[in-house]
Amino acid sequence: MIWDKKYECMDREQLRGLQSERLVKVVQRVYDQVPFYRQLFEQEGIEPTDIKGVEDISKLPFTTKDALRDNYPFGLFAEPMNKIVRLHASSGTTGKPIVVGYTQKDLNTWAELIARIVSQAGVTEEDVVQICFGYGLFTGGFGLHYGLEKVGTTIIPASVGNTRRQIMLMEDFGTTVLVSTPSYALYMAEVIQESGIDLDRLKMRIGLFGAEPWSESMREQIQAKWGITATDNYGLSEIIGPGVSGECLEFKGLHISEDHFIPEIIDPVTGESLGFGQEGELVFTTLTKEGFPVIRYRTKDISILWDDVCACGRTTARMKKVTGRTDDMMIIRGVNVFPSQIESVLMEVKGLAPIYQIIVDRKGHLDNIEVQVEMEKEMFTGSFRDLEAMENKIRGKLNTVLSIDVRVKLVEPKTIQRSEGKAKRVIDKRQI
Amino acid sequence: MKVNQLSVFLENKSGRLARVTKVLGENNINIRALSIADTTDFGILRIIVSQPKEAYNILRSEGFVVTETDVIAVCIPDKPGGLGQVLEVLEKQSVNIEYLYAFVGNTSTKNALVVFRVEDCDKAVEVLKSNGIQVVDEEKVYQL
């Protein structure tokens, strides 16, 4: 179902008008309210009045993660603290976290956006939704929560951890929708299989997955293991959190709520704007955020934008499922390698959802990749020949896909660390 | 006539073999025959034990990747040319041997036991028997 026909199915010309009007306002607002932006615009020689509509967006400078970090904690807020009713923050794995603030209106908008994406994934008020996202500074838990509440679903705020208990709740409460990271969904399926619970006894029908890049083949695995429709949704706390975009059941990309965010694709190296259908880095400008507006925020996520009308009836632009980031891209002997590429190969060869880890090391002047794959019972016939054949097959396919030689190492079960949140796939030991 | 052998996938790191034997020992399971082969990264431990089913379940529940494989145990006179004779019989009937390992079950009988993993167990048993070679009953092997 379409939650908000007016905006989700808006005529594209009309939408452009709305975006232009909102862009002009937000540019003026950040110039007036946020010293960082005033300074940045002045540096670039831009007056807010230079921006007359969406067509002028490429005149604006980018906002980078560093700028957000440098202004820690509240430097980029465009409203006084008494108007800010909620704070969230990124995990801050690489130093200080990024703090974002929401006004009451921002929270309402956020819930609306979530209502849109869960509705387009097929969730209705009849559903019982188990949210296995952390309820804390991370935007996943609370973000999904209020939107799902708006739709009228029954929510189980299970949060992360204690996997066996999660499964007990699913069985006893009759959960129909799972909200988690895709890697946690796979891990849970593993635990379910081990504990001998019959998946058919669960009522699960839809998965709303996000918070990390995942491949199409991983989707197939999740769908096969759980017997559900696995949908992707996308968001980042710097923009609003989850709810920036989500998949409809046509699976032709994720619909972006363009009345709130202007998406762009740029060349990650030159920063040059690319057109629809071209692959590059996603950039977002928030149009309606009060507490924490951002102009042309570089997400580091790699995607493609499409603007043709979707069969579901929505007219909003769609983005290709994010399967890689400019920062999880490894450059190995000059070749760009994404973990998602390796994952796809593993799925193809094993026919199973692999638990894997990529270890990058430098020996002498040469970079080496080792892909460690956990053995599963189904893969083991007891024969050396079969194991070697499998290693060779994986190596061969990786070589075809990546054009570099990769070492494949089969390891014992449960030796690779499991994650209840975002999976850590790459261990880079190189000291450069 | 088919003997249930367990194959265990082991990563090449210290303590893994010890762990298998410890687990089996704690559960009163006796190892009758053992062979281990390895590459740089991993090894395959092959064992014949007194209670194969229990051992399989225990090892699985301990998180090991285990699989059951049918092998045959052949009693070979412990004298020069003994093994050669058996191999010749199998070769003549085109029975492919994947691997084998030998052990001496009971020194007083002057016989050696050789465990064969072949592509077609039933055919091998038939071929061996019809050539007067003694294939040992599985229960006897478990209780050696």
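The values are calculated or read from the model by the stated rules, or taken from the named source; none is laboratory data. Just so you know, these numbers come straight off a predicted model, no measurement behind them. Cβ placement follows ideal geometry from the backbone for every residue including glycine, while neighbour counts extend to all protein chains displayed. Heads up: the accessible areas ignore ligands, DNA and RNA and are worked out on the full protein's heavy atoms, side chains in. Shrake-Rupley method; radii C 1.70, N 1.55, O 1.52, S 1.80 Å.
Computed from the Cβ-Cβ distance with R0 of 56 Å, the FRET efficiency linking A:N392 to A:V269 stands at 0.95. Buried on complex formation within region B:58-74 (loss of at least 40 square angstrom of accessible surface versus the isolated chain, 1.4 Å probe, ligands and nucleic acids ignored): B:V65, B:T67. In sequence order, region A:381-386 has phi-based couplings of 9, x, 9, 4, 4, 5 Hz under the Karplus curve 6.51 cos²θ - 1.76 cosθ + 1.60, θ = phi - 60°, and Gly or Pro positions carry x.
Rounded to the nearest 5, what % of the DSSP beta bridges within chain A are antiparallel ones? In chain A, approximately 65 percent of DSSP beta bridges are antiparallel ones.
What you get for chain A, charging only the Cβ of Lys and Arg (+1) and of Asp and Glu (-1), is a dipole of about 760 debye around the Cα centre. Counting only residues at least eight positions apart within a chain, or on another chain, the lysines with an alpha carbon under 22 Å from that of B:K123 are B:K2, B:K92, B:K140. If Lys and Arg each add +1 and Asp and Glu each add -1, what is the summed charge of the other residues whose beta carbon sits under 13 Å from the beta carbon of B:N12? Every neighbour counted, the sum reads -1.
Taking only protein heavy atoms into account and a 1.4 Å probe, give the accessible area per residue of the protein assembly as shown in Å².
Details: 25180 Å² over 576 residues.
In whole numbers, the protein assembly as shown has 44 Å² accessible per residue.
Counting only protein heavy atoms and using a 1.4 Å probe, what share of the accessible area of region A:1-101 belongs to carbon plus sulfur, as a whole percent?
After summing per-atom areas, the C and S share lands at 49 percent.
In this structure the amide hydrogen of A:D367, modeled in the peptide plane, comes within under 5 Å of the amide hydrogens of A:R333, none closer than 5 places in sequence on its chain. Under 5 Å from the amide H of B:Y99 lie the amide H atoms of B:R117, each residue being 5 or more positions distant or on a separate chain, with H modelled from the backbone and absent for Pro and chain starts. Here r is the Cβ-Cβ distance between B:Q51 and A:E171 and R0 is 22 Å; the resulting FRET efficiency, rounded to 0.05, is 0.05. Within the same chain, lysines fewer than 8 places from A:K377 are excluded, and of the rest, those with a Cα less than 21 Å from its Cα are A:K225, A:K350, A:K393, A:K409, A:K414, B:K13, B:K53.
Using a 7 Å offset from Cα along Cα-Cβ at A:N82, what residues in region A:101-131 end up with backbone N under 18 Å from the label point? So the set is A:102-105.
Past the 28 Å Cα-Cα mark, which pairs from A:K321/A:K363; A:K25/A:K65; A:K252/A:K429? Cα-Cα > 28 Å for A:K321/A:K363; A:K252/A:K429; rest within. Couplings for region A:3-15, taken from phi via the Karplus curve 6.51 cos²θ - 1.76 cosθ + 1.60 with θ = phi - 60°, read 5, 9, 3, 3, 8, 6, 10, 5, 4, 5, 5, 4, 4 Hz in order; Gly and Pro are left as x. Take the accessible area of chain B alone and of chain A alone, subtract that of the pair, and you get about 1800 Å² summed over both chains, using a 1.4 Å probe.
When the Cα centres of region A:96-135 and region A:298-338 are compared, how far apart do they sit, in Å? Using only Cα atoms, the two centres lie 22 Å from each other.
Rounded to the nearest 20, the Cβ-based charge dipole of region A:8-138 about its Cα centre (Lys and Arg +1, Asp and Glu -1) stands at 400 debye. Of the residues A:G174, A:I239, A:F284, the one whose Cα sits farthest towards the positive end of the charge dipole of region A:154-295 is A:G174 (charges of +1 on Lys and Arg Cβ, -1 on Asp and Glu Cβ, taken about the Cα centre).
Note that region A:405-412 has calculated 3J(HN,Hα) couplings of 8, 10, 7, 10, 10, 8, 10, 6 Hz, one per residue in order, obtained from phi through the Karplus relation 6.51 cos²θ - 1.76 cosθ + 1.60 (θ = phi - 60°); glycine and proline are x. Contact-buried residues of region A:376-391, at a threshold of 30 Å² lost accessible area versus the chain by itself: A:K377, A:F380, A:G382, A:F384, A:R385, A:L387 (1.4 Å probe; DNA, RNA and ligands ignored).
Close amide H pairs (under 5 Å, H built 1.01 Å from N) link B:V49 with B:L6, B:R32, residues at least 5 positions away or on another chain.
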